[in-house]
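Report on the structure given below.
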Amino acid sequence: MDELQNLNDTWEQHLDDQHAQLWERMKDVGATAEWTDPLDGDGAAVTDQPDDASGPRWAAVEMFQFEIQLEGEPLMMDTVHRVDPYAMASDLVEQAAIELERRGILNLDADV
């Protein structure tokens, strides 16, 4: 199984209890989420480290984008590169919940 598929299959189980409950409530109002490859499998990008002879060098990078949608429209999105993807997913769930509350779709103060 490739890493992208693994992220899609396992990210929810890495949420702490608070974020897992929040995510369940968000799904109840129609939110969905998915990890994607923003480079579409290209896997190459210019690094910040210059090559001694010819300027910037090309190197394979792993970048994944996590997007939370509501009714097919992007709600929150972030791209991860060399950080804990599960921590980023938890943070984005919280930010998206706040946005849903701002839109009047989810009441964060309501009892679960």
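The values are calculated or read from the model by the stated rules, or taken from the named source; none is laboratory data. Because the structure is predicted, anything quoted here is derived from the model rather than measured. As a convention, Cβ positions derive from the backbone with ideal geometry for all residues, glycine included, and neighbour counts pool all protein chains shown.
Miscellaneous remarks
- When Val83 is tested against (1) among the aliphatic types (A, V, I, L, M); (2) outside any helix (DSSP H, G or I); (3) at pLDDT 85 or above, exactly one condition is not met: (3).
- Residue pairs meeting the criteria (Cβ under 8 Å; at least 6 apart or on separate chains; first under 15 Å from Asp37 (Cβ atoms) and touching a residue at least 40 places away in the same chain (Cβ under 8 Å), in the stretch 74-99; second of a type outside the set (Ser, Thr, Tyr) and part of a strand (DSSP E or B)): Thr79/Phe64; Thr79/Gln65; Thr79/Phe66; Pro85/Trp35; Pro85/Phe64; Pro85/Phe66
- Single condition Gln49 does not satisfy, out of (1) modelled with pLDDT of 90 or more; (2) loosely packed, with under 15 Cβ neighbours inside 10 Å: (1)
- Residues (among the hydrophobic types (A, V, I, L, M, F, W, C), farther than 15 Å from Thr79 by Cα and at pLDDT below 85) located in the stretch 13-46: Ala44, Val46
- Every pair of residues 6+ apart whose Cβ atoms lie under 9 Å, when the first sits in the stretch 1-12 and is at pLDDT below 85 while the second is aliphatic (A, V, I, L, M): none
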